[in-house]
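Some notes on the structure that comes next.
Only the coordinates and a few stated rules stand behind these numbers; no lab work does. It should be emphasised that the depicted structure is a prediction, and the values quoted were computed from it without experimental measurement. Cβ placement follows ideal geometry from the backbone for every residue including glycine, while neighbour counts extend to all protein chains displayed.
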Amino acid sequence: MDNYEQFRQSIKLAAERFRDVPKERCIRIVSHLDADGITAASIIINALNRENRCYSISIVQQLNSKTLESLSKEDYSCFIFTDLASEYVDEISEKLSGKDIFILDHHEVSQEKAEKIKGKDNVVFVNPILFGIDGGKEISGAGVVYLFSKELDERNKEYAYLAVMGAIGDVQEDKGFKKLNHEILGDAVALEQLEVREGLRVFGSQTRPLHKILEYSNNPYIPGVSGNESMALQFLQEIGINPKKGNDWKRMGDITDNEMKRLVAEIIMRRSGEEKPEDVLGYSYTLVNETKGTPFRDGKEFTTLLNACGRLNKASLGIGACLGDKRSKQRAMRALDEYKKHIVTSMNWYRDNQTNGNIIKGDRFMIINAGESIPSTMIGTVASMITKGNGIQEGTLVMSMAQAMDNTTKVSLRIANPRNNIKDIDLREIVKEITNKVGGEHGGHPQAAGAIIPTEKEDEFIDAAKAVLSARCLEEKIV
Ligand SMILES: [Mn+2]
């Protein structure tokens, strides 16, 4: 049996175990608050609805010993953790002993932790990483939940598109999907839920006018067009694409395949002075059953909306939207607007705090300490935007910190446009190294990692981070 078959086998066994859970038992679902966690929760809700099961659900930013403690005091005898909990598998097994636990996740976990629960029959642990499958790129949390749900009932295939959204939300799409994600996409396409179109790698296919998309396109950068609305309009006219359709602006979906080809070719020409002029191609994923011109119809826009809901502590709106609830969808769109405003305020804070000590700049690393100025649920997103922005040297490690309300500080670590030779850098290991010195709990993926530390330890943490990050940058330079 190869590792994929073994992984599938583990899902099969998990589904069998789940069937043994008596139907009258109410199930406790705990999921992660990002787009992947929200779609994972939505898939399992749909699957449990089909089985006429009763459940209650919580969405959390991260598990910790405290949340586990309070979960253990609850009355439930069956728990399903989706898109989180791998890091806590041994602690969960202990704290929730005597209960049926299902962990459906794709986050990193050490073999040593997985070993610890071998032989403990209260935990059913499904994670592709245990079989050497890349949980960062090949399958999302929602993907794992999808495969489990499909094993429970073949008809749950109808939620394949949600699993694809989970993968997009976790940035697993990179000019297409790999392996398991690719198969799940195949399910969604076969059921005509998703349509895949090759074209420009840009954001806003459904909700932004075409010329606005070009204006806002920073990556890929279009010389003479990016950042300039009138030049974007002129560019379209010059290449024979009328930016208007009647009285309205044209959107991405309005242009023909031939126009798309021309647009791509002309943008590549414009980029002839750039390092990789042809690096503009990508796919768009259209949720064909959703209304045109809404963020629900485009994969990237939909997952941004789900993230927005989660980050504003309104995950239930995101779940409602995934379940097709009209009112939730309306409110989720308003949450998206609110989220965009927060992003603008946060980026302004970043711009205005370059020299006052809140941002520490090292050689190829940067530490951003936002305190209470950026919501702790958004600091990871803001850090990602900073790493993607202009004016940051590729390979720079960006560590950002923001305070939560419970006297903890949320830390996130990202890397700016990694070059190929440092693509293999494991951010999670770096965070672990720092928390090992100072304390706190770490988690995440090799490509995007984080930690939660007591706020009183911030200074100590920053000192340790400086040492670890500069040592790491030195090593990378030697390579
Ligand atoms: Mn995930």
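Given a cut-off of under 8 Å on Cα pairs at least six residues apart, what relative contact order in percent is computed for the stretch 356-478?
Working: 231 pairs, mean separation 28.0, N = 123.
Relative CO of the stretch 356-478 lands at 23 percent.
Rg and Dmax of the stretch 17-138, both derived from C-alpha coordinates alone, stand at 13.6, 37 Å. Exposure proxy shown here: for Lys340, Lys150, the number of other Cβ atoms within 10 Å sets the order, fewest to most, as Lys340, Lys150. Compactness check for the stretch 392-454: Cα Rg over 2.2 N^0.38 Å is 1.15.
Counting only whole DSSP H helices of the chain, the ones at least 15 Å long by C-alpha along their axis and with mean Kyte-Doolittle hydropathy no lower than 0.0 are 35-50, 141-152, 179-190.
Each eigenvalue of the Cα gyration tensor of the stretch 286-349, multiplied by 5 and square-rooted, gives one semi-axis; in descending order these are 21, 13, 9 Å.
Report Rg/Rh for the stretch 37-101, rounded to two decimals, where Rg is the Cα radius of gyration and Rh the Kirkwood radius. All intermediate terms of the calculation are to be shown ahead of the outcome.
Working: Rg = 12.0 Å, Rh = 12.7 Å.
Expressed as Rg/Rh, it is 0.95.
Suppose R0 equals 56 Å; then what is the FRET efficiency for Asp426 and Val288 from their Cβ-Cβ distance, rounded to the nearest 0.05?
On the way: r = 38 Å, r/R0 = 0.68.
Plugging the Cβ-Cβ distance into 1/(1 + (r/R0)^6) gives 0.90.
Note on Leu323 and Leu13: their simple-model spin labels are 3.3 nm apart, each label 7 Å out from Cα toward Cβ.
Could you compute Rg(Cα) / (2.2 N^0.38 Å) for the stretch 356-478, with N its residue count? It would help to have the intermediate numbers written out before the result.
On the way: Rg = 13.1 Å, N = 123, 2.2 N^0.38 = 13.7 Å.
This ratio for the stretch 356-478 stands at 0.96.
Cys residues of the chain that find no other Cys beta carbon under 4.7 Å: Cys78, Cys309, Cys322, Cys473. Among Tyr146, Tyr76, a tally of other beta-carbon atoms within 10 Å of each Cβ gives an order, fewest to most, of Tyr76, Tyr146.
The trypsin sites (Lys or Arg not before Pro) of the stretch 1-99 that DSSP puts in a loop, and whose beta carbon has at most 10 other beta carbons within 10 Å, are Lys23, Lys73.
Starting from the Cα gyration tensor of the stretch 300-414, multiply each eigenvalue by 5, take the square root, and state the resulting semi-axes largest first in whole Å. So the three semi-axes of the stretch 300-414 are 29, 15, 12 Å.
Sorted largest first, the spans of the alpha carbon positions of the stretch 196-316 along the three principal axes are 45, 36, 26 Å. Across the stretch 69-214, the mean sequence separation of Cα contacts (distance under 8 Å, 6 or more residues apart), normalised by length, yields a relative contact order of 17 percent. Panel values: the chain, Kirkwood radius from alpha carbon pairs, Stokes-Einstein at 20 °C and 1.002 mPa s, translational diffusion coefficient 91 µm²/s.
Karplus-based coupling profile of the stretch 440-449, in residue order and whole Hz: x, 10, 10, x, x, 10, x, 8, 7, 10, with θ = phi - 60° in 6.51 cos²θ - 1.76 cosθ + 1.60 and x standing for Gly or Pro.
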